[in-house]
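Throughout, read-outs are computed from the coordinates displayed, never taken from laboratory work. Everything numeric here is computed off the predicted structure, so don't read it as measured data. Because the Cβ atoms are built from the backbone with ideal geometry, glycine has one as well, and the counts that use them run over all protein chains shown.
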Amino acid sequence: MNRLRESFTTVAATVIEGWNELRAQRTRVLMSLIGVGLAVAAITGAVAAGSIAEQSIREGEERGSGRAASLSVNAFDDNGPTDPVLLAERLEPLVERFGIDYHSRRVYGEPLALESPSGLLRTESAAVDPAWGAMRRIPVEHGRWFTERDERMLAPAVLVDEIAWENLGSPALGEHPTVRIQGERSATAEIVGVVASQNSSREWSAGTVYLLVDDYLELAPPLDPMISSVETSLWVPEAEAEALADAIRAELRAQYPVTISVQVERNDPAAWGGGAATGLLWLQLGLVGVASIVLLLAALSLVNITMVTVRHRVREIGIRRAFGATGRRVFVGVVMESVVGTAFAGVIGVAIAVLALQNPWVRELIGDGIVEPPPFPIGAAVVGLLVAVGVGAVAGVLPALVAVRVRVIEAIRF
Amino acid sequence: MSLFRLEGVARSVRLPDDSRLDILAGVDLAVDAGEHVSIVGRSGSGKTTLLNLLGLLDEPTAGEIVWDGRPLSALSSRDRDRARGRDIGFVFQQFNLLSGRSALENTIVPLLYAGTDRFWKRRSIATAMLERVGLGERLASTPEHLSGGEQQRVAIARALVRGPKLILADEPTGALDVETGARVMRLLDDVSRATGAALITITHDPAIAALADRCYRLDAGRLAPERSGAAA
Ligand SMILES: Nc1ncnc2c1ncn2[C@@H]1O[C@H](COP(=O)(O)OP(=O)(O)O)[C@@H](O)[C@H]1O
Ligand SMILES: [Mg+2]
């Protein structure tokens, strides 16, 4: 009974195998190409996600301490920072002289109260110069950032962060909403833009209001160096950063008494080696590792299948050689077959990666709060395609060597 | 000057028991451009081995083949591949067409290796050649849908499509009935004369051998002029 079943199985298997030969071959080619495609998608995706996440992390750091190259300017005496207004006055002509377009102060000032429908909001204040937005990539969600013109307007222009905006009832910016600000004095300001919230949580903060330094000084009590700190930043070309820092330091030192120490130093992340996204790096390495194994398996199965098809075609190869195909031609032909297949799979794989990274949910995950979302990194797509073509070429070489060694005489002899 | 010349050509193979089998010995033969030569011989007498040598598919173990004025030993394998594609067309007993490929695609094969001009005109050249062998209506038919005689005519079209100097036909009628074989052979003879190609035909059939200008007999690896063929 068992023997009968066994023989039946053998016969059936042989019949089915014969019947399916061509079709099975195609399915296996397809399977291995799907493997190549998925692996390429994973590798491309990992590389691309890495560069997007890197952008996100870099932007985060730059918001904190500036883009490359940012110089921070300080003047201290024994008691701490000296009068920031004086520093600004002395810096102004130097900035002009050295042609520095981007320079800004940032006053970490006293809270200001905004009149809202539900009462007074005690918001944090961020007083800056117009250049600050570009220097720190401040993410403006609605409306616009400050312009030079805002400095000359009588009614102050302000931006609020999302938390403050919501607390104010999310007024439409198209309708030029105004808000009454109370400090030492009070004024009515136009809200020109909304900024994404920076490290403030809704529970702890009623939001932040951004205003120009001069407007802040109008509203707030006189600057007390003990309470409010002022950061003065210059954003300069990286190549000139050091020379400019030295020159400005020298000029300022000449204007202050020796008891005051003047510092002009780079403080952007690039200056101290940049922050590496180590956690992400491990994730990327893991993804690339798994993808490499998939790729290896797919390549092996591709080699296997191409081998089989070459053996099937020994007679055909012999005939072609009898009619003038050189060995090189046969070799390249077999390699090309494999390359065309994997290149096609590679294009599909890259497309999958592009689509996956276009997905808002995935974007949110890897590049939280990016101001300048980078387009799909071309480098990653190139890496993916090169990997695909490379795998095709490597997988094609062995079968191609077999094809070249076909002896014409034997191939066409019956 | 002769198209090719064989001088004392021998071909032997080493058998698995390490003994030597001499398939051909001391073969001398010179064929001029456009000449038709037939070779008869019993099965196993070395005819195919001789044809493989003439077709630059094999090398002699002794002697020299002078092809188009150059000794074969001076040509690289790449040169030989090129010369074969350019100058030689094969017609086999078993047709050796590519299965599943149409008559047109089969006839196109040699043109794939024939350089730019003919590559781009391959369809029209191959179509003209198939019309010439009477298959203008069967361009799209695969070998599976062609009779033996038709398949051999496709093979003749393929052998001649690059305009070779030499056609090597190894028992071209061996798989056909007598009448079909005679017609196919006459076609091969006519078309190769019209294109000026030399033709070497291996055959069992004295009537077919008689179509040639000269007839040889191969016996136990030795080539000798065939008196009866010349007389007939
Ligand atoms: N590579 C080889 N190894 C061993 N024997 C061979 C080889 N090639 C040919 N032979 C033998 O040489 C003889 C001549 O073969 P072949 O040229 O094919 O004869 P023909 O075409 O005249 O029938 C045959 O006996 C054949 O078995
Ligand atoms: Mg034979």
*Taking only Cα atoms and a 10 Å spring cutoff, compute GNM fluctuations for chain B and point out the largest among B:SER43, B:SER124, B:SER19.*
B:SER19
*Using the Karplus curve 6.51 cos²θ - 1.76 cosθ + 1.60 with θ = phi - 60°, work out ³J(HN,Hα) for each residue of segment A:41-47 in order, rounded to whole Hz, and write x for Gly and Pro.*
4, 5, 5, 4, x, 5, 5
*Counting each DSSP H run of 4 or more residues in the protein assembly as shown as -39500 (n - 2.57), what helix-only mean residue ellipticity at 222 nm follows after dividing by all residues, to the nearest 500 deg cm²/dmol?*
-15500 deg cm²/dmol
*Rounded to the nearest 0.05, what FRET efficiency do B:GLU144 and A:LEU300 have when you use their Cβ-Cβ distance and R0 = 60 Å?*
0.95
*In the Gaussian network model of chain A, springs joining C-alpha atoms below 10 Å, which of A:ARG136, A:ARG363, A:ARG97 carries the largest mean-square fluctuation?*
A:ARG97
*Most mobile of B:ALA159, B:ALA169, B:ALA194 in a GNM of chain B (Cα contacts under 10 Å)*: B:ALA194
*Any chance you could give the angle, 0 to 90 degrees and rounded to 10, that helix B:77-87 forms with the longest Cα principal axis of chain B?*
60 degrees
*Where labels lie 7 Å past Cα in the beta-carbon direction, separation of A:GLU89 and A:SER229 in nm*: 2.5 nm
*Using 7 Å Cα-to-Cβ label points, what is the B:ALA62/A:LEU30 separation (nm, one decimal)?*
6.0 nm
_I'd like the orientation of helix B:148-160 relative to chain B: the angle between its Cα long axis and the longest Cα principal axis, in ° from 0 to 90, rounded to 10._
80 degrees
*Read phi for every residue in segment A:207-224 and hand back ³J(HN,Hα) as whole Hz from Karplus 6.51 cos²θ - 1.76 cosθ + 1.60, θ = phi - 60°, with x for Gly and Pro.*
x, 10, 10, 9, 9, 6, 4, 5, 5, 4, 5, 5, 8, 8, x, x, 4, 10
*Report, in degrees rounded to the nearest 10, the 0 to 90 angle that the Cα long axis of helix A:278-312 makes with the longest principal axis of chain A.*
20 degrees
_Selection from A:THR259, A:MET31, A:LEU295 lying farthest towards where the dipole of the protein assembly as shown points positive, charges on Cβ_ = A:MET31
*Estimate the FRET efficiency between B:ARG14 and A:ARG407 by the formula 1/(1 + (r/R0)^6), using the beta-carbon distance for r and 22 Å for R0, to the nearest 0.05.*
0.90
*Positive minus negative residues near B:GLY63 (Lys, Arg vs Asp, Glu; Cβ under 14 Å)*: -3
*Taking R0 as 30 Å, what's the FRET efficiency between A:ILE293 and A:VAL332 from their Cβ-Cβ distance, rounded to 0.05?*
0.55
